[in-house]
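Novice: The structure that follows is given in the form of structure tokens.
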Amino acid sequence: MTSNLKTKTLTLLLLIIACGIAVYFGYNQYQKLEGSKALLDQALAEQKKLKEASDQITKFLEEYVSLSSEQAEANTALPVGSPASATALAQIDKLAKSSGLLIGSISIRERNADVKIAENGIDYQDIEMELSGSYPAFRNFLLLTETNLRLMDIQSLSSQAEDENLIKYKLVIRSYYQK
């Protein structure tokens, strides 16, 4: 019986030692698992932040692209660097044609060089022209000029009746641009 008791005690002792070893290594693995879990949670949080940053960058780029198309419109309204005389003349020609006016003569006069304009300031050129047509056509031309995208002002205007349906108009339009 003592041998049976010794065997049982030895078996129990071995079982306790085996459980101790299993708990020791299991706890060690559990700690590694918890550490890995914490690293995974941290990586997921960083991934979420990166996704949010990526979304913000994408939104910013989309806004930039939409604004760059608006820049072309702004450059039409107020050209940068040069007066873009050809564009201004083309716009005036289009406005005159769509109003039913004929352009008799046209000339461009630059501003007085003695007047200093700040760098990146607003400069101008005057476009002198003669138009002929009816009063309603000229009135329509003025309305179209007023609502045109390019910044233009009528500086002077005179008219002379050629016959009862035809009036000759002399005007100076000031066209602006950013220096």
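The values are calculated or read from the model by the stated rules, or taken from the named source; none is laboratory data. Computed from a prediction, not measured in an experiment: that's the story for all the values here. Cβ atoms come from the backbone with ideal geometry, glycine included; neighbour counts cover every protein chain shown.
Novice: Got a sec? Which of Y30, Y64, Y24 is at pLDDT 75 or above and within 30 Å of E119 (Cβ to Cβ)?
Specialist: Going through Y30, Y64, Y24 in turn, the sole match is Y64.
Novice: Could you list all residues from segment 135-149 that are hydroxyl-bearing (S, T, Y) and either surrounded by 15 or more Cβ atoms within 10 Å (Cβ to Cβ) or not assigned by TED's automatic domain parsing to the domain that holds L95 (or both)?
Specialist: T145
Novice: Here's another thing I want to ask about it. In this structure, is D114 at pLDDT below 75 and assigned by TED's automatic domain parsing to the domain that holds K170?
Specialist: yes
Novice: Ok, one more. So Q178 fits all but one of (1) in contact with a Pro (Cβ under 8 Å, 6 or more places away or on another chain); (2) closer than 18 Å to S99 by Cβ; what number is the exception?
Specialist: The number of the failed condition is (2).
Novice: Next up: Are any of the residues in segment 22-41 among the aliphatic types (A, V, I, L, M) and over 58 Å from the mean Cα position of the chain (by Cα)?
Specialist: Yes, some residue in segment 22-41 is among the aliphatic types (A, V, I, L, M) and over 58 Å from the mean Cα position of the chain (by Cα).
Novice: Condition first: farther than 20 Å from I167 by Cβ, surrounded by 15 or more Cβ atoms within 10 Å (Cβ to Cβ) and modelled with pLDDT of 80 or more. Can you find one or more residues in segment 91-106 that meet it?
Specialist: Initial filter on segment 91-106 (farther than 20 Å from I167 by Cβ): 91, 94.
Narrowing the set further to residues that are surrounded by 15 or more Cβ atoms within 10 Å (Cβ to Cβ) leaves 91.
The next check asks that each one be modelled with pLDDT of 80 or more; those that pass are 91.
Yes, the conditions are met somewhere in segment 91-106.
Novice: Here's a follow-up. Would you pick out the residues in segment 130-168 that are under 19 Å from A88 (Cα atoms) and touching a residue at least 60 places away in the same chain (Cβ under 8 Å)?
Specialist: L149, R150, L151, M152
Novice: Any residue in segment 102-125 that is under 21 Å from K170 (Cβ atoms), among the small types (G, A, S) and in contact with a Ser or Thr (Cβ under 7 Å, 6 or more places away or on another chain)?
Specialist: Yes, segment 102-125 has at least one match.
Novice: Could you list, in sequence order, the residues of segment 159-179 that are assigned to a loop (DSSP other than H, G, I, E, B) and either at pLDDT below 85 or buried (at least 16 other Cβ atoms within 10 Å of the Cβ) (or both)?
Specialist: Once the filter is applied, which keeps residues that are assigned to a loop (DSSP other than H, G, I, E, B) and either at pLDDT below 85 or buried (at least 16 other Cβ atoms within 10 Å of the Cβ) (or both), segment 159-179 yields E162, D163, E164, N165, K179.
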